[in-house]
1. With θ taken as phi - 60° and the coefficients 6.51, -1.76 and 1.60, list the Karplus ³J(HN,Hα) couplings across segment 128-140 in order, rounded to whole Hz; mark glycine and proline as x.
2. Taking each pair of different alpha-carbon atoms in segment 102-211 once, compute 1/r for the pair, average those values, and report the inverse of that mean as the Kirkwood hydrodynamic radius in Å to one decimal.
3. Only loop residues by DSSP count here, and only those with at most 16 other Cβ atoms within 10 Å; note down the chymotrypsin sites (Phe, Trp or Tyr not before Pro) in segment 1-71 that meet that.
4. Considering only the other residues whose Cβ falls under 12 Å of the Cβ of R55, what net charge follows from Lys and Arg at +1 and Asp and Glu at -1?
5. Say a paramagnetic label sat at a point 7 Å from the Cα of E217, along Cα to Cβ; which residues of segment 162-180 have their backbone N under 18 Å from it?
6. Just report the Cα centroid separation between segment 166-182 and segment 1-53, whole Å.
7. Rolling a 1.4 angstrom probe over the protein heavy atoms, how many square angstrom per residue are accessible across the chain?
8. Only Cα pairs under 8 Å and at least 6 apart count here; give the relative contact order of the chain as a rounded whole percent.
Amino acid sequence: MPEQIASLERYQTQLAAVVGGEEQAWEMVNGALFFISLGTWDLVGNYFSAPFSARAGQSTVSEFIDYLISEYAKILRRLVELGARRVLVLGPGQLGCLPVELAIRGRSSNRATDCGSEIQTASLLFNSQLTQITQQLNRELGSDVYVAANRYMIAYSFINNPDAYGFTEASVACCGQGPYNGVGQCTPASNLCSNRDEYVYWDPYHPTERSAEAILEVILTGPPDVISPMNLNTMMEANTET
């Protein structure tokens, strides 16, 4: 993340040279939409990494998430210092339901919707704290600069009621190997589904394009319980009016 912030600083310098000066570059950055996805790899690839996680031996999951949120708050503040005025922050989804996690840990019960409980709880906690810190930062600024999208709650609908969204498979990846097609990467040797549009997951980690479009629709138009303090359409309209 610090390297990405440094890249933004370099970009602003280069942009100023192209658009006619620092003031013009600042206005363009002010009008831009910044999109950040946080937490997924911190949990899947770090704290809950298999077969052993050094991080899990150093702190509880709650302590680890407290640490992550405090560090990400510094980065979010820095974005505003660099001119960001519209920042969409996306938390982790239903991590225990990822095909890779199901392949490693299985389900917490025989019910299709019961995914690995510990990492699910961690994702829920991360999203909750992410929403809280964005609300705090907005209060500090006196303006709704940050919008937090709770991907855990957004994905909940797809996982628990896939038929309502036109999906037929919410556990097995379209492309992969092993249980749930959750082992390894998508390669020419992998199993491949006949219609990716029917699947929530493309590979062991990532959504299909159609699943991503469904998530985006909620980000654009969803209610405050999943995207706070407003959805993206409202945010963009408010900035246009001002």
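1. 4, 6, 5, 4, 4, 6, 5, 5, 5, 5, 4, 5, 4
2. Taking every pair of different Cα atoms in segment 102-211, averaging 1/r and inverting gives 15.6 Å.
3. Answer by residue number: F52.
4. Here the count lands on -2.
5. 162-170
6. Here the answer is 32 Å between Cα centres.
7. Working: 12460 Å² over 242 residues.
Value returned for the chain: 51 Å² of accessible area per residue.
8. Relative CO of the chain lands at 17 percent.
The values are calculated or read from the model by the stated rules, or taken from the named source; none is laboratory data. Here the structure is a predicted model, which is why all the values come from computation and not from measurement. Positions of Cβ are backbone-derived with ideal geometry, glycine not excepted, and every protein chain shown enters the neighbour counts. Surface areas here come from the heavy atoms of the whole protein model, side chains and all, with no ligands, DNA or RNA. Shrake-Rupley method; radii C 1.70, N 1.55, O 1.52, S 1.80 Å.
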